[in-house]
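**Q** Shown below is the structure under consideration.
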Amino acid sequence: MKNIQLVVIGILFFVIPSSVKCQNGFDHYGNYQDALGILMKSIDTYGGHKSISVPVSFKANGIMFNLGHYTIPYERREFGINEANFFYENEQCVFSSKEIVMYGNTYRNLTFYKSDSVIVKDYFQADKQKLGKQSRDQLINQVQKSLPSKFLKFAYEHRNTLSLCFSSDTLKVVSFNDKSGNHFKISLDSKFLLTKIDELKYSDLYGDYIVTTEFHGYHQLENLWVPSERIDKEYGQIEKRLSISDFKVYPAKNNLISELDSEFRLDTLVQHKPSGVSREKIGKNLYLLKLNTLNNKVIIAENKLHFDIYELPKGFETHQAIISELQDINPNKKLKNIFVSHHHPDHAGGLRWFNEINVITTTGNVDYFSNIFSNTHSLSNSYEYISNKPDIKYEIIPQGSHRKYSDSFNESIVYEVGDTEHTKEYLVYYFPNEKILFVGDLMSFPMNQKTPFSGQRGKSVYDLILKEKLKVDKIYTSWPLKGQKNFGLLNDLKDSLIK
């Protein structure tokens, strides 16, 4: 171990003068040496480089507190989760399997990477995919975080970016970046055991945030310090609480490697190529915009003096696509109103990109949207997104009420339909001239099969039609897009109410 450290430091002394300092006196090289020394002591605590590089497998079982598409903003629900991880560094091979149990159904996520190739199958996808560089690096980071000894090895591989943040008898804090610029901070206790990993991350919806992994209850197994519990946090809340078990060390290559190679052959991958955006005219001044890469649909209404948009999924690509389509339809008109059925990001996540607009929504969403808009976005790749502070005015549709929007070009009526069991508040849009009802994701109309049971979601739509005596020829949805009919009929809605 000392030989390795001396070689590294010796090389650095050769290429970097020991007197290199900033004008304010900060000694970068001295700081690096201190950080490297602390990291090396931590690696020694775990048994040295040989120990942290041995092939291992382990399981982690517990609870996921999922921040999903639920009835109110920030709601989390608990689901069981089981993980199995296998590291085989000699062939740069790592395999991770995660299973979650949701509403009686089991969904599996698989990650396999060998050298610089990363292949995944997400929980709700049937096909395996090979990832691009940025997504690949983020996934590798996530898997490495599952075990302290492997993350220390990961930190050592990126030691040229080490920096000492804090040092005392009871706590050492060191930071580093990976090759893609992802930034990490590791905390070590008085024994130099890794207790916490903080990663600076970015979401185009929530802005800048920290993801934290904590390790508790260390004990020695197979000459390695192994925690008994791992806690993952996001947005300041616990996302997972897992108990680590079945820790094993493998002295040599075993059959699992060849089995994984066989299961994840590159020739079995399905390459998904985005097909961009398409626009379809569904009324005199009404357009359906299909966002193929997002699996979403948006309605654009051209009015006499301005445009309105119904539904707005998150993402820079969404913003660019919509602006391009509006200019193509009529470059002399600006966007005025954005209607969002509910708070989920695939329906309302793109609001921050727009400025000087009216947002038509429900009461429970205003604080949520305002909080999102107040978050910093310093890590965005778009300077406009970093600096933009949306100037938005809210127009509230009270529960159980409706409001008409019309001029000589268009007419729409927005209805609030109450608790759909998808969300507590929900807006549905009716275009009387076209006899079109736009219902967001309250139901779906898959091709070549019976309309699936829609429960309270579909009942909310059907009750609205009966109560308001709406004449409906076509029912459009905003999600999903793929594998769906272009629109549904009233009979399809009725069929969806039969279990």
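**Q** Of the residues in segment 274-300, how many are touching a strand residue (DSSP E or B) at 6+ places or on another chain (Cβ under 6 Å) and more than 21 Å from GLY315 (Cα to Cα)?
**A** 5
**Q** Restricting to segment 160-188, name every residue that is surrounded by 16 or more Cβ atoms within 10 Å (Cβ to Cβ), of a type outside the set (Ser, Thr, Tyr) and over 25 Å from the mean Cα position of the chain (by Cα).
**A** Within segment 160-188, LEU162, LEU164, LYS172, VAL173, VAL174, LEU188 meet the criteria.
**Q** I would also like to ask the following. Please find, among LEU326, LEU312, LEU291, the residue that is surrounded by fewer than 22 Cβ atoms within 10 Å (Cβ to Cβ) and either assigned by TED's automatic domain parsing to the domain that holds LYS474 or among the polar types (S, T, N, Q) (or both).
**A** Unique residue meeting the criteria: LEU326.
**Q** Now for a separate question. Can you tell which of SER454, SER460, SER444 is more than 28 Å from the chain's Cα centre (by Cα) and either modelled with pLDDT of 95 or more or assigned by TED's automatic domain parsing to the domain that holds TYR368 (or both)?
**A** SER460
**Q** Here is a follow-up. Return the residue satisfying two criteria in turn: it lies in segment 426-441 and is within 31 Å of the chain's Cα centre (by Cα) and aliphatic (A, V, I, L, M), and of such residues it is surrounded by the fewest Cβ atoms within 10 Å (Cβ to Cβ).
**A** VAL428
**Q** What number of residues within segment 341-355 are at pLDDT below 95 and of a type in the set (S, T, N, Q)?
**A** Number satisfying all stated conditions: 1.
Residue-by-condition table, conditions (1) part of a strand (DSSP E or B); (2) touching a strand residue (DSSP E or B) at 6+ places or on another chain (Cβ under 6 Å); (3) modelled with pLDDT of 80 or more; (4) closer than 30 Å to GLY349 by Cβ:
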residue: GLU83; (1), (2), (3), (4): yes, yes, yes, yes
residue: PHE87; (1), (2), (3), (4): yes, yes, yes, no
residue: ASN90; (1), (2), (3), (4): no, no, no, no
residue: VAL94; (1), (2), (3), (4): yes, yes, yes, no
residue: LEU110; (1), (2), (3), (4): yes, yes, yes, yes
residue: VAL120; (1), (2), (3), (4): yes, yes, yes, yes
residue: ALA126; (1), (2), (3), (4): no, no, no, yes
residue: ASP137; (1), (2), (3), (4): no, no, no, yes
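**Q** Within segment 142-208, which strands (runs of 3 or more DSSP E) (wholly inside it) include 2 or more residues that are at pLDDT below 95?
**A** 194-203
**Q** Counting just the residues of segment 328-379 that are closer than 17 Å to LEU312 by Cα and without any contact (Cβ under 8 Å) to a residue 24 or more places away in the chain, which one comes out farthest from the chain's Cα centre (by Cα)?
**A** That would be SER370.
**Q** Among the residues that make up segment 60-77, is at least one of them assigned to a strand (DSSP E or B) and either in contact with a Cys (Cβ under 8 Å, 6 or more places away or on another chain) or free of Cβ contacts under 8 Å to residues at least 60 places away in the same chain (or both)?
**A** There is at least one residue in segment 60-77 that is assigned to a strand (DSSP E or B) and either in contact with a Cys (Cβ under 8 Å, 6 or more places away or on another chain) or free of Cβ contacts under 8 Å to residues at least 60 places away in the same chain (or both).
**Q** Same structure, new question: For segment 284-299: of the residues being touching a Lys or Arg at 6+ places or on another chain (Cβ under 8 Å) and free of Cβ contacts under 8 Å to residues at least 60 places away in the same chain, which is farthest from ILE329 (Cα to Cα)?
**A** My answer is LEU289.
**Q** State all residues of segment 400-434 that are in a loop (DSSP other than H, G, I, E, B) and under 27 Å from TYR206 (Cα atoms); if no residue qualifies, say none.
**A** GLY418, ASP419, THR420, GLU421, HIS422, THR423, LYS424, GLU425, TYR426
**Q** Count, please, the residues in segment 206-227 that happen to be within 15 Å of the chain's Cα centre (by Cα) and either surrounded by 16 or more Cβ atoms within 10 Å (Cβ to Cβ) or not assigned by TED's automatic domain parsing to the domain that holds GLN142 (or both).
**A** Summing the residues that are within 15 Å of the chain's Cα centre (by Cα) and either surrounded by 16 or more Cβ atoms within 10 Å (Cβ to Cβ) or not assigned by TED's automatic domain parsing to the domain that holds GLN142 (or both) in segment 206-227 gives 4.
**Q** Return the residues of segment 364-383 that are at pLDDT 90 or above, of a type in the set (Phe, Trp, Tyr) and surrounded by fewer than 16 Cβ atoms within 10 Å (Cβ to Cβ); say none if nothing qualifies.
**A** Correct list: TYR368 only.
**Q** Also, quick follow-up: Test of understanding: among PHE453, PHE445, PHE431, which residue is among the aromatic types (Phe, Trp, Tyr) and farther than 18 Å from LYS485 by Cβ?
**A** Testing whether each residue is among the aromatic types (Phe, Trp, Tyr) and farther than 18 Å from LYS485 by Cβ leaves just PHE431.
**Q** Right, next: Output the qualifying pairs, or none if there are none: Cβ atoms under 9 angstrom, residues six or more apart or on different chains, first residue in segment 141-170 and assigned by TED's automatic domain parsing to the domain that holds SER245 and more than 18 Å from THR195 (Cβ to Cβ), second residue basic (Lys, Arg) and not in a loop (DSSP other than H, G, I, E, B).
**A** Here the result reads VAL143/LYS150, each pair linking segment 141-170 to a residue that is basic (Lys, Arg) and not in a loop (DSSP other than H, G, I, E, B).
**Q** Moving on to the next point. Among the residues of segment 466-499, write down those that are of a type in the set (A, V, I, L, M, F, W, C), surrounded by fewer than 20 Cβ atoms within 10 Å (Cβ to Cβ) and in a helix (DSSP H, G or I).
**A** Scanning segment 466-499 gives LEU466, LEU490.
**Q** Right, something else. Mind checking which residues of segment 189-205 are closer than 24 Å to PHE369 by Cβ and either buried (at least 19 other Cβ atoms within 10 Å of the Cβ) or among the charged types (D, E, K, R) (or both)?
**A** LYS201, ASP204
**Q** Within segment 341-356, is even one residue small (Gly, Ala, Ser), crowded, with 19+ Cβ neighbours inside 10 Å and either touching a Ser or Thr at 6+ places or on another chain (Cβ under 6 Å) or more than 26 Å from TYR209 (Cα to Cα) (or both)?
**A** The answer is yes, given that some residue of segment 341-356 is small (Gly, Ala, Ser), crowded, with 19+ Cβ neighbours inside 10 Å and either touching a Ser or Thr at 6+ places or on another chain (Cβ under 6 Å) or more than 26 Å from TYR209 (Cα to Cα) (or both).
**Q** Here's something else I'd like to know. Has segment 474-490 got at least one residue that is within 23 Å of SER401 (Cβ to Cβ) and more than 27 Å from the chain's Cα centre (by Cα)?
**A** Looking through segment 474-490, at least one residue is within 23 Å of SER401 (Cβ to Cβ) and more than 27 Å from the chain's Cα centre (by Cα).
The values are calculated or read from the model by the stated rules, or taken from the named source; none is laboratory data. All values reported here derive from a predicted model rather than from experimental measurement. Ideal geometry is used to build each Cβ from the backbone, glycine not excepted, and the neighbour counts take in all protein chains shown.
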